[in-house]
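Shown next, in structure tokens, is the structure this report addresses.
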């Protein structure tokens, strides 16, 4: 272990302890003088409660409610009837360490993970590009967390999974309530204060392979009408490469909840998140003096100086009010988001930088400052309140300056300005749905209208000025109506047939509206990509402990945007193609112990399996006849989950993927071979002690694989690695 890492870890431990001490000291005197009610010694050994239907809007860290497997017909201000949904409840499995999304998405057919070893996340949907989940609406507690929803829809930030109770996944166009993206919606639901104690908390310290260290400390409680919850998280590793694959992350959050257990609740949240990681560059199978060859050394480095930084500060205020015939919710948020990178010039696909350009770098700095607010309401009506109406409006503004500079050294942190631009987005989408129930049949029509103004104004561009090309400027106003329909029909054995059809679209992003290169010509006629989706499925719980879900889907995505060559060595960005994604999703799980016993008990052993069978193809454009990137024709996830309440959990989880390509051209160097990866994880509370232990072996069978390839080369995935952690609870 290096002395630098040791200092980082000592500092993180001290910060965790200071964080807990600070929050404890900051509590009102009435809290400090009060005494927690006695807690029975067997509370920790109580079995996790599996709810027969969704009832809990948010949980505390100490709660162990296993919700799901599907969202209910109505939930808060939302209508889910007739839509394909999945609840990924992390209480049903051992604690996930290090934001391992291979385990987090274990029971989410349709989502394709492009793995990397930095804190960043890339998730695709049924063959849509996964990079930073840019085709999927990503939210935390209902608030969008993309850098910008329309101009730069990349989710560089996602919350630490230590603080996430569950992820709610709504498929495709069924997610119109959240946004227009064709890839559905992922909503991270994070923890709230516990209401049964004045003070509680935990500190978890985890160590693992590649000098991995993680610290997660939280405190929470409620006194009178006021609840509080706060955490501090530090995570670091040297990474799996020989150099420059290290990362370090620090995040904290403070949350106050007024009247959290009542029908009218206020939630104030302050948070910050900062991470830095190295980008060691990609590898290649080519050989030569400057090649970083995968077969020779998969730990090799092709970029020793490239770095990435992300800093995010946010504040939000939520008011939720339940009344006799529905729910009202209002949210307001302010987010300041800085994305910065430094990348050396002169390199290629898996090759070391050479030539004069290797003595320089490109320094990119993008700022995103967003102010947003929304209100939503659900009203139940009818003789038995069997019908429902929901409506909402969101207003947000993003101010986003960008600066690109040229450094005079490979590791320069400042340089001369190459390009500078100002980008702005103002949007005011409105949404409404109506649920009509006629006995066993439910019909839910809906409409979303996106009203967007996007402005991109180049302030400087050295390459364009040298070429005599005018600076770019674009000011677009767009109003896009999107329609959806969901139908459900209830069957015996808690079964339901469901059908939904919906439109969606992909907005023109900043770099497409005004490209940076001197040879790029702005396309004033560029249109947003449009998609229509259909899904027909059946889901049921025909026996205790048995869950089934199967569906067929069809996604037609037209007007996709790409580069288009023009005479004279020029190029533009244009609507270049249409792709069709269709296939089948299957999923199921069964408690094998319930089968043997014939009744429920404190322990369960669930076998689960789900699969995506995908046929995706470009039908027109330059890539006609080819397969979209990251669209394997088969993706299977399966495993065993053993739980004995919250006291003991084991999991063996597997991900088996067919081969695919990492580009739409299906080039040989972007080929991703098939792979199969298995993880073994465990969590246990020591009897009679306030101590919890977590441990795991990822990639148990040491699979040599990769499923991420970028323009600089192949990004290898981790081989077998292990971790162990100890938590002290109070």
- prompt: Which one is modelled with the lowest pLDDT, of the residues in segment 708-727 that are farther than 17 Å from residue 239 by Cα and in a loop (DSSP other than H, G, I, E, B)?
  reply: 711
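For every residue, the table says whether it meets (1) more than 30 Å from residue 362 (Cα to Cα); (2) surrounded by 18 or more Cβ atoms within 10 Å (Cβ to Cβ); (3) free of Cβ contacts under 8 Å to residues at least 40 places away in the same chain.
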| site | (1), (2), (3) |
| --- | --- |
| 433 | yes, yes, no |
| 445 | yes, no, no |
| 448 | yes, yes, no |
| 451 | yes, no, yes |
| 470 | no, no, yes |
| 491 | yes, no, no |
| 496 | yes, yes, no |
| 501 | yes, yes, no |
| 514 | no, yes, no |
- request: Only residues that are part of a loop (DSSP other than H, G, I, E, B) and either closer than 30 Å to residue 560 by Cβ or in contact with a helix residue (DSSP H, G or I) (Cβ under 6 Å, 6 or more places away or on another chain) (or both): list them for segment 182-223, please.
  value: 182, 183, 184, 191, 198, 211
query: If you go through segment 702-716 one residue at a time, how many are out of contact with any strand residue (DSSP E or B) (no Cβ under 7 Å at 6 or more places or on another chain) and either farther than 23 Å from residue 660 by Cβ or surrounded by fewer than 20 Cβ atoms within 10 Å (Cβ to Cβ) (or both)?
result: 4
message: Restricting to segment 647-668, name every residue that is in a strand (DSSP E or B), farther than 25 Å from residue 283 by Cα and in contact with a helix residue (DSSP H, G or I) (Cβ under 8 Å, 6 or more places away or on another chain).
response: 651, 653
message: Every residue in segment 224-254 that is assigned to a loop (DSSP other than H, G, I, E, B) and either touching a residue at least 40 places away in the same chain (Cβ under 8 Å) or buried (at least 19 other Cβ atoms within 10 Å of the Cβ) (or both), please.
response: 224, 238, 239, 240, 241, 242, 243, 244, 245, 246
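Can you go through 618, 642, 607 and tell me which one is part of a strand (DSSP E or B), without any contact (Cβ under 8 Å) to a residue 40 or more places away in the chain, touching a strand residue (DSSP E or B) at 6+ places or on another chain (Cβ under 8 Å) and crowded, with 17+ Cβ neighbours inside 10 Å?
Selected residue: 642, the only one of 618, 642, 607 that is part of a strand (DSSP E or B), without any contact (Cβ under 8 Å) to a residue 40 or more places away in the chain, touching a strand residue (DSSP E or B) at 6+ places or on another chain (Cβ under 8 Å) and crowded, with 17+ Cβ neighbours inside 10 Å.
Look at residue 601 and say whether it is modelled with pLDDT of 75 or more and crowded, with 19+ Cβ neighbours inside 10 Å.
No; evaluated as a whole, the condition is false for this residue.
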- request: Give just the number: which of (1) in contact with a strand residue (DSSP E or B) (Cβ under 6 Å, 6 or more places away or on another chain); (2) over 28 Å from residue 301 (Cβ atoms); (3) at pLDDT 95 or above does residue 730 not satisfy?
  value: (3)
- line: Residue hits (segment 380-398; free of Cβ contacts under 8 Å to residues at least 60 places away in the same chain and within 15 Å of residue 177 (Cβ to Cβ)) are 389, 391, 393, 394
query: Taking residue 192, is it modelled with pLDDT of 95 or more and either buried (at least 24 other Cβ atoms within 10 Å of the Cβ) or farther than 23 Å from residue 310 by Cβ (or both)?
result: yes
- prompt: Do we find that residue 699 is under 21 Å from residue 121 (Cα atoms) and either touching a strand residue (DSSP E or B) at 6+ places or on another chain (Cβ under 9 Å) or surrounded by fewer than 21 Cβ atoms within 10 Å (Cβ to Cβ) (or both) in this structure?
  reply: yes
message: Quick test for you: out of 369, 354, pick the one residue that is within 30 Å of residue 414 (Cα to Cα), surrounded by fewer than 20 Cβ atoms within 10 Å (Cβ to Cβ) and without any contact (Cβ under 8 Å) to a residue 40 or more places away in the chain.
response: 369
message: Among the residues that make up segment 518-525, is at least one of them buried (at least 18 other Cβ atoms within 10 Å of the Cβ) and at pLDDT 80 or above?
response: no
Residue in segment 669-683 that is outside any strand (DSSP E or B), more than 25 Å from the chain's Cα centre (by Cα) and under 23 Å from residue 301 (Cα atoms) present: yes
field: Selected residue [modelled with pLDDT of 95 or more, loosely packed, with under 15 Cβ neighbours inside 10 Å and closer than 30 Å to residue 199 by Cβ] from 295, 270
entry: 270
message: Step by step: first the residues of segment 347-369, then only those that are part of a loop (DSSP other than H, G, I, E, B) and modelled with pLDDT of 95 or more, then the one that is farthest from residue 177 (Cα to Cα). Which residue is that?
response: 355
task: Return a yes/no flag: does segment 559-572 have any residue that is buried (at least 17 other Cβ atoms within 10 Å of the Cβ) and either at pLDDT 85 or above or outside any strand (DSSP E or B) (or both).
output: yes
message: Within segment 472-489, take every residue that is at pLDDT below 95 and surrounded by 17 or more Cβ atoms within 10 Å (Cβ to Cβ) and give me the one that is nearest to residue 178 (Cα to Cα).
response: 480
- request: Quick one: in segment 321-345, of everything that is more than 21 Å from the chain's Cα centre (by Cα) and buried (at least 20 other Cβ atoms within 10 Å of the Cβ), which residue is nearest to residue 192 (Cα to Cα)?
  value: 329
- prompt: residue 632 fails exactly one of the following numbered conditions: (1) in a loop (DSSP other than H, G, I, E, B); (2) closer than 30 Å to residue 590 by Cβ; (3) more than 23 Å from the chain's Cα centre (by Cα). What is the number of that condition?
  reply: (3)
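Test residue 577 against the criterion of being part of a strand (DSSP E or B), surrounded by 19 or more Cβ atoms within 10 Å (Cβ to Cβ) and at pLDDT 95 or above, and give yes or no.
no
Rundown of residues vs (1) under 30 Å from the mean Cα position of the chain (by Cα); (2) over 24 Å from residue 715 (Cα atoms), yes/no style:
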site	(1), (2)
350	yes, no
363	yes, no
366	yes, yes
371	yes, yes
374	yes, yes
378	yes, yes
385	no, yes
- request: Look at segment 645-668 and say how many of its residues are surrounded by 21 or more Cβ atoms within 10 Å (Cβ to Cβ), under 21 Å from the mean Cα position of the chain (by Cα) and farther than 30 Å from residue 729 by Cβ.
  value: 3
- request: Look at segment 652-675 and say how many of its residues are in contact with a strand residue (DSSP E or B) (Cβ under 6 Å, 6 or more places away or on another chain) and farther than 18 Å from residue 124 by Cα.
  value: 3
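The values are calculated or read from the model by the stated rules, or taken from the named source; none is laboratory data. Keep in mind it's a predicted model, so treat the numbers as computed, not measured. Here the Cβ is made from the backbone with ideal geometry for all residues, glycine too, and neighbour counts use every protein chain on show.
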